[in-house]
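Below is one structure, written out as structure tokens; the observations come after it.
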Amino acid sequence: MGDIFSNFGDIFGDLFGGFGFGGSRRSADANAPQNGASIRVGVSITFEEAVFGTKKEISFNGNEPCPECGGTGARKGSKVETCSQCKGRGQVIFQRQSLFGMTQSVQVCPECHGTGKIIKDKCPNCRGEGTITRKRTLEVSIPAGIDDGQSVRLPGQGEPGTNGGPRGDLLVEVRVKSHPTFQRDGMDLYANVPLPFTKAALGGDIRINTIDGDVIYTVTPGTQTDTKVRFRGKGVPSVRNSASRGDFYVTFVVQVPTKLTKEQKELLEAYDRTLTDIPNAGDAGKNKKRFK
Ligand SMILES: [Zn+2]
Ligand SMILES: [Zn+2]
């Protein structure tokens, strides 16, 4: 197994857009230290893992300095020569005669492809590349409160730099699976909770599933459908401060039974007969005109 990295660096998401990914820019000097490129990998986690944080083992392919040649690309014992065409600068100046006289252009040296070095006897292990591809495995700490699309950055775990430049970063992009009942918006959670119509009318205790487990909630008599209740601190922790949590919003959806037993039907009919003082309820009996 590869090296284990247990600390996470910083987290960034779309808030910090415009992050420059990708490789190192070639500077003018072929021998100047170059930063290694970033490596991006994806990891998929559950809704609960995103809320409470988790550790994930991730595997990815990355380049390592070749252990055989120490990253030079030359066979052991052989020398790396300085490119004679560019004298090690990696760039050559082309001169061209034009209507306006001599013009000069700087181009990447075609002989050494900008490295400034010529390897006559290539290292057989890396074929002169100086790096080998290796599968690496790391354990990544994913902080509580991370949201879909955000990334965890592990500094110095990317591709190796060249000419002694620092390694790039590893960027672990987190994909959060959806949840069957909870919806998330930032640090807040939302859910629809079915409420039997009798409980809505009479009030009483019901069990509500929060992300922290079940809680008993006392419904007030006469609760209507679409009534919203807030459970403070039962939301998602802040990714930067786990002591701070969002809220959980429940929307009650009053359930009307679609099937009734004979006994239930009789009870409801008895109840219905008590509603005659309400204009649009009860049996549409005498003294009331039917709508045609
Ligand atoms: Zn090698
Ligand atoms: Zn050259």
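The values are calculated or read from the model by the stated rules, or taken from the named source; none is laboratory data. Since the structure is predicted, the reported quantities are computational estimates derived from the model, not experimental observations. Cβ atoms come from the backbone with ideal geometry, glycine included; neighbour counts cover every protein chain shown. Just the protein is used for accessible areas: all its heavy atoms, side chains included, with ligands, DNA and RNA removed. Shrake-Rupley method; radii C 1.70, N 1.55, O 1.52, S 1.80 Å.
With respect to the numbered conditions (1) in contact (Cβ under 8 Å) with a residue 24 or more places away in the chain; (2) outside any loop (DSSP other than H, G, I, E, B); (3) small (Gly, Ala, Ser), which one is the sole condition not fulfilled by residue 201?
Of everything listed in (1) in contact (Cβ under 8 Å) with a residue 24 or more places away in the chain; (2) outside any loop (DSSP other than H, G, I, E, B); (3) small (Gly, Ala, Ser), residue 201 misses just condition (1).
So, restricting to strands (runs of 3 or more DSSP E) that lie completely within the stretch 51-147, which ones have at least 3 residues that are without any contact (Cβ under 8 Å) to a residue 12 or more places away in the chain, surrounded by fewer than 17 Cβ atoms within 10 Å (Cβ to Cβ) and away from ligand 1 (no atom under 11 Å from the Cβ)?
Counting at least 3 such residues, we get 91-98, 101-108.
What's the number of the condition residue 159 fails, among (1) open to solvent by less than 50 Å² (accessible area, probe 1.4 Å); (2) assigned to a strand (DSSP E or B)?
(2)
Just one of the numbered conditions (1) farther than 30 Å from residue 49 by Cβ; (2) at pLDDT 95 or above; (3) hydroxyl-bearing (Ser, Thr, Tyr) is not true of residue 271; which one?
Tallying (1) farther than 30 Å from residue 49 by Cβ; (2) at pLDDT 95 or above; (3) hydroxyl-bearing (Ser, Thr, Tyr), residue 271 fails exactly one: (2).
Could you tell me whether any residue of the stretch 175-193 is free of Cβ contacts under 8 Å to residues at least 60 places away in the same chain, outside any loop (DSSP other than H, G, I, E, B) and closer than 30 Å to residue 248 by Cα?
yes
For residue 255, are the conditions met, namely being open to solvent by 60 Å² or more (accessible area, probe 1.4 Å) and in contact with a helix residue (DSSP H, G or I) (Cβ under 7 Å, 6 or more places away or on another chain)?
yes
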